[in-house]
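Right, one structure below, let's go through it.
The values are calculated or read from the model by the stated rules, or taken from the named source; none is laboratory data. None of the values given here were measured: they were computed from a predicted structure. Note: ideal-geometry Cβ built from the backbone for every residue, glycine included; neighbour counts use all protein chains shown.
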Amino acid sequence: MDYVQYMLDQTPWAIVYVMVTTFLLLMVLLRSLVLPLKAVLMNLLSLSASFGALVFIFQQGHLSGLLDFSPAPLDPTIPVLVFCVVFGLSMDYEVFLLTRMREEWRAHGDNRRAVAAGLQASGRLGTGAAAIMVTVFLVFGLVSSVVVIKALGLGMAIAIFVDASLVRALVVPALMRLLGPVNWWAPRWLQNRKPPAEKTAPA
């Protein structure tokens, strides 16, 4: 009971730290307030699907016979670990996607073309990376006899699969298409600040 209570007390701080840090880094990189917020919300969407699947499988026991385990409440470490690991991994190829879109946007200022070109340029890379991660995580979920490792593997595999196949491939481009130029809005002080990668190297 003490261990569970400790996890419940510390989890909100871990979630806030990850989300705020990610938002600030993306804000500086992309020089936009809308895109970092959208990225954080989309990650939460993928994680929500994963948490729902974990409850369906391990707590309610719908696949207990196939996966060979006894239904029980989830270990409190599982949601925290899945959140931190998946948030970082999915944000990795989110950066590839958004930076490519930003390059296109800066080149011609057409949001629709920028979204299409960014998705086309980074789609194969993101799909390949997601396929590798899903395969590796599924091995943990299907082979391990330890329920905690099994739940971690399946939880991360489901989250990455949903993120790559539905959220990044469909929801994100559609949302950016609807938002239009609002995607790239930022205060003047942020627009005028060059990110480190764009600084001119000394002669």
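When MET1 is tested against (1) surrounded by 17 or more Cβ atoms within 10 Å (Cβ to Cβ); (2) free of Cβ contacts under 8 Å to residues at least 60 places away in the same chain, exactly one condition is not met: (1). Selection of helices (runs of 4 or more DSSP H) fully inside region 90-203 by the criterion of at least 3 residues being out of contact with any Pro (no Cβ under 8 Å at 6 or more places or on another chain), closer than 21 Å to PRO36 by Cβ and at pLDDT below 85 returns 111-143, 188-191.
Rundown of residues vs (1) out of contact with any helix residue (DSSP H, G or I) (no Cβ under 6 Å at 6 or more places or on another chain); (2) under 28 Å from LEU29 (Cβ atoms), yes/no style:
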| residue | (1), (2) |
| --- | --- |
| GLY65 | yes, no |
| ASP68 | yes, no |
| PRO71 | no, no |
| HIS108 | yes, yes |
| ASN111 | no, yes |
| VAL115 | no, yes |
| VAL134 | no, yes |
| VAL139 | yes, no |
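crowded, with 19+ Cβ neighbours inside 10 Å and within 19 Å of GLY126 (Cβ to Cβ): does that describe SER50? The answer is yes for SER50. Across region 105-141, the qualifying residues are those that are polar (S, T, N, Q) and under 19 Å from GLY180 (Cα atoms), and the one among them that is surrounded by the most Cβ atoms within 10 Å (Cβ to Cβ) is ASN111.
Looking only at region 123-150, residues that are under 15 Å from the mean Cα position of the chain (by Cα) and among the aliphatic types (A, V, I, L, M) come to 5 in all. Among the candidates GLY128, GLY109, GLY155, the residue that is on the phi > 0 side of the Ramachandran plot, out of contact with any strand residue (DSSP E or B) (no Cβ under 7 Å at 6 or more places or on another chain) and small (Gly, Ala, Ser) is uniquely GLY109. Contact map, region 18-41: first residue closer than 20 Å to ALA169 by Cα, second residue in a helix (DSSP H, G or I) and polar (S, T, N, Q), Cβ cut-off under 7 Å, separation 6 or more or different chains; pairs are VAL34/ASN183; LEU35/ASN183; VAL40/THR22.
Need pairs with beta-carbon distance below 6 Å; first residue closer than 19 Å to SER90 by Cα and within region 128-149, second surrounded by fewer than 17 Cβ atoms within 10 Å (Cβ to Cβ); sequence gap 6+ or separate chains. Final answer for the pair search is PHE140/ILE149. Could you say whether any residue in region 53-75 is over 15 Å from VAL172 (Cβ atoms), aromatic (Phe, Trp, Tyr), surrounded by 14 or more Cβ atoms within 10 Å (Cβ to Cβ) and under 12 Å from the mean Cα position of the chain (by Cα)? No, there is no match, as no residue in region 53-75 is over 15 Å from VAL172 (Cβ atoms), aromatic (Phe, Trp, Tyr), surrounded by 14 or more Cβ atoms within 10 Å (Cβ to Cβ) and under 12 Å from the mean Cα position of the chain (by Cα).
Between ALA49, ALA14, ALA53, which is in contact (Cβ under 8 Å) with a residue 12 or more places away in the chain, on the phi < 0 side of the Ramachandran plot and touching a Leu at 6+ places or on another chain (Cβ under 8 Å)? If you could, list the steps in order and put the result at the bottom.
On the way: ALA49 fails: touching a Leu at 6+ places or on another chain (Cβ under 8 Å); ALA14 fails: touching a Leu at 6+ places or on another chain (Cβ under 8 Å).
After ruling out the rest, the residue left standing is ALA53.
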